[in-house]
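The values are calculated or read from the model by the stated rules, or taken from the named source; none is laboratory data. Source: prediction; values computed, not measured. Using ideal geometry, Cβ is built from the backbone for each residue, glycine included, and neighbour counts are taken over all protein chains shown. Remember, those area values only see protein heavy atoms, side chains included, never the ligands or the DNA or RNA. Shrake-Rupley method; radii C 1.70, N 1.55, O 1.52, S 1.80 Å.
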Amino acid sequence: MVTATAVVGAAGVTGQTDVAGAVAVSSDTQAGSATSARTTRAVPVAAATAPAQAAAPAGTTPMDTSEGTPAPAGSMEDTAADGYVYGYSPVAMARTRAAHVCRGGTNALLNVPVLSTPLSRSVVAPNVDTLYSVAWLDLRGGPVSLTLPDTTDRYVVFEILDIYSNVFANIGTRLNGSQPGAYLITPPGWSGTAPEGTTVVAAPSWDVWALGRTLVDGDDDLPAARAVQGQYTVAGTDLGETGLVPPALPAVDCANPPDPQTPYDAGAAFFDELAAVLAADPPPTADDPALASLASIGVVPGSTPSAGDPATVAALAAGVTAGEAEVQAAAEDALVPSGTWQGSFNGGTYGTDYLLRSAVAVVGLGANVPQESLYYWSGPDIDGEPLTGAYTYRMHFAAGELPPIESAGFWSVTMYDDEMFLVPNALRRYALGDRSDLTVNPDGSIDIYLSATAPAGHTDNWLPAPDGPFNLMIRAYIPTEPALTNTWHPPTIEQISIHAAARGPSPQTP
């Protein structure tokens, strides 16, 4: 027997990612450093509790881990705005959980056995690389087990997040290899004994999101990938809880579940939702200054602030409006320049940087740490012009300059339209990457062609674009140091021709 002291390697670095949505997942995501738009106030910060952090990528702003001094108390509206910034991510997480629980309950695994297509419109920027597996765990009845089979050479990861959207563990290829594994997700304060051969993963909250990804090597590989996916298990145990167990999150009207992407729609009742999370999942002690600030406006665990006196309720509602503007402004600046592209280098763990946490929740709730996955969004072409299918473009990867990943990882370039959905095309080709049969130039370089019509002689390396504007995303799973330090940049996008239809009609000859 082993005691509950061995903890799976928490991802402990600021970084990025991928995903979230109603039932389960979203696109892969991004996050970057951001600072408050209002400089007259300061949200207190404290030392981060995660393990030692990696060096910050060039061009990013490292998380501030110094003790902060609260600014003098401002108006109730300002305090409420700060409270909204603090609460945005946990409320969005609780809403995401509610939508999932309405469909499948807790402590049960939902496997999504299909890849995304252009018909997939429920979340933006869907990935066509992996199958998703999703579970929301309720640890109030005790630890929950997660088991993985032998995955041989297939990339697999289960990203494990607390209710405050911090990644506290990744289980899978990068950290655990391909061998079978049994894991026990334990509630806060648990001191029981785990079965022999089980690795204990200590959760910092009672509600936990487990998000799995299983790599697929094209349509022909789907049956094999599903066979692996079908061997994952999630189950409650009878190993017991420890100490005082907090109340569960409130039941949800499953006929009208709240939208995780619009927490502001509740107005002052946003703080009722936040108070329910605070009661169900007590925050870490590092959040005490923020909790004291919330308490000063009547937001305490289990309270219903929206039922207060009209003046207070009006101030809370105004704070939601102001806080939403601040969060959205931070989300606009969430990415970090990486050459002519934008990269996701911060995310996954946040300490007391609540604005960064909120900004990441806007652009990609469930972001993973950068050691597991990095994402790059296309900028303009080499001349600074927006990308459009009216032209043919080339992405030139010099020899040895493909996205830097470990041998167990993968990379892809995915095409999206201007709304970040997949682009229909006769080849049903939505991405190219390390699993594609790409033509290599004599000097070892690789060119990827982007256009609405097939470029002559380059069909194997052609990523079909829409007729109008488009966007690209590069995913790099298990990236190496050049990517993590932002010293590797995606190639510039070079326009090489214009389609005849885009030139317009020829002038008439008199």
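One table, with the values for the structure above:
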read-out	value
Search result, residues across segment 98-115 that are farther than 22 Å from Ala431 by Cβ and either open to solvent by less than 10 Å² (accessible area, probe 1.4 Å) or not in a loop (DSSP other than H, G, I, E, B) (or both)	Ala98, Ala99, His100, Val101, Cys102, Arg103, Gly104, Leu110
Cross-chain or 6+ apart pairs with Cβ under 9 Å, segment 217-244 first and of a type in the set (Ser, Thr, Tyr), then surrounded by fewer than 16 Cβ atoms within 10 Å (Cβ to Cβ) and in a loop (DSSP other than H, G, I, E, B)	Thr237/Pro195; Thr242/Gly189; Thr242/Ser191
Segment 88-100 residues that are over 15 Å from Pro283 (Cβ atoms) and at pLDDT 95 or above, paired with ones that are open to solvent by less than 10 Å² (accessible area, probe 1.4 Å) and assigned to a helix (DSSP H, G or I) (beta carbon under 7 Å, 6 or more apart)	Ala92/Pro263; Arg95/Pro263
Qualifying residue in segment 116-131 (condition: farther than 21 Å from Gln371 by Cβ, small (Gly, Ala, Ser), open to solvent by 30 Å² or more (accessible area, probe 1.4 Å) and touching an Asp or Glu at 6+ places or on another chain (Cβ under 7 Å))	no
Of all residues making up segment 179-215, the number that are surrounded by 18 or more Cβ atoms within 10 Å (Cβ to Cβ) and assigned to a loop (DSSP other than H, G, I, E, B)	7
Residue in segment 328-339 that is at pLDDT 95 or above and touching an Asp or Glu at 6+ places or on another chain (Cβ under 9 Å) present	no
Scan of segment 441-470 for residues that are in contact (Cβ under 8 Å) with a residue 24 or more places away in the chain and over 27 Å from Ser407 (Cα atoms), ordered by number	Ser451, Ala452, Thr453, Pro455, Pro464, Ala465, Pro466, Asp467, Gly468, Pro469, Phe470
Among (1) open to solvent by 40 Å² or more (accessible area, probe 1.4 Å); (2) on the phi > 0 side of the Ramachandran plot, the one test that Gly218 misses	(1)
Scope segment 291-311; condition in a helix (DSSP H, G or I), over 20 Å from Pro258 (Cα atoms) and either aromatic (Phe, Trp, Tyr) or open to solvent by 10 Å² or more (accessible area, probe 1.4 Å) (or both); matching residues	Leu291, Ala292, Ser293, Ala295, Pro310, Ala311
Members of segment 482-502 found to be over 20 Å from Gly384 (Cβ atoms), in a helix (DSSP H, G or I) and in contact (Cβ under 8 Å) with a residue 60 or more places away in the chain, listed by number	Pro482, Ala483, Leu484, Ala501
Residue among Thr242, Thr237 that alone is open to solvent by 20 Å² or more (accessible area, probe 1.4 Å) and closer than 17 Å to Tyr183 by Cα	Thr237
Tally of residues being among the polar types (S, T, N, Q), open to solvent by less than 30 Å² (accessible area, probe 1.4 Å) and part of a strand (DSSP E or B) across segment 146-177	1
Pair list, Cβ < 9 Å and 6+ apart or interchain, from segment 160-177 residues that are closer than 28 Å to Ala92 by Cα to residues that are modelled with pLDDT of 95 or more and basic (Lys, Arg)	Ile163/Arg97; Tyr164/Arg357; Ser165/Arg357; Asn166/Arg357; Gly172/Arg213
Qualifying positions in segment 265-277 - in contact (Cβ under 8 Å) with a residue 40 or more places away in the chain and surrounded by fewer than 18 Cβ atoms within 10 Å (Cβ to Cβ)	Gly267
Condition met for Pro126 (in a loop (DSSP other than H, G, I, E, B) and under 19 Å from Pro113 (Cβ atoms))	yes
Some residue of segment 191-212 being within 20 Å of Arg95 (Cα to Cα), polar (S, T, N, Q) and touching a helix residue (DSSP H, G or I) at 6+ places or on another chain (Cβ under 9 Å)	yes
Index of the failed condition, Pro469 passing every other in (1) modelled with pLDDT of 95 or more; (2) farther than 25 Å from Val336 by Cα; (3) open to solvent by 20 Å² or more (accessible area, probe 1.4 Å)	(2)
Within segment 441-464, considering residues that are open to solvent by less than 10 Å² (accessible area, probe 1.4 Å) and hydrophobic (A, V, I, L, M, F, W, C), the one farthest from Ala390 (Cα to Cα)	Ile448
Residue within segment 351-360 that is under 19 Å from Trp411 (Cα atoms) and out of contact with any Asp or Glu (no Cβ under 9 Å at 6 or more places or on another chain) present	no
Single residue of Tyr264, Tyr232 found to be within 30 Å of Arg428 (Cβ to Cβ), of a type in the set (Ser, Thr, Tyr) and at pLDDT 95 or above	Tyr232
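Matching residues to (1) in a helix (DSSP H, G or I); (2) out of contact with any strand residue (DSSP E or B) (no Cβ under 7 Å at 6 or more places or on another chain); (3) within 24 Å of Val313 (Cβ to Cβ):
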{"site": "Pro223", "(1), (2), (3)": "yes, yes, no"}
{"site": "Ala227", "(1), (2), (3)": "yes, yes, no"}
{"site": "Leu239", "(1), (2), (3)": "no, yes, no"}
{"site": "Gly243", "(1), (2), (3)": "no, yes, no"}
{"site": "Leu249", "(1), (2), (3)": "no, no, yes"}
{"site": "Val252", "(1), (2), (3)": "no, yes, yes"}
{"site": "Pro258", "(1), (2), (3)": "no, yes, yes"}
{"site": "Tyr264", "(1), (2), (3)": "yes, yes, yes"}
{"site": "Gly267", "(1), (2), (3)": "yes, yes, yes"}
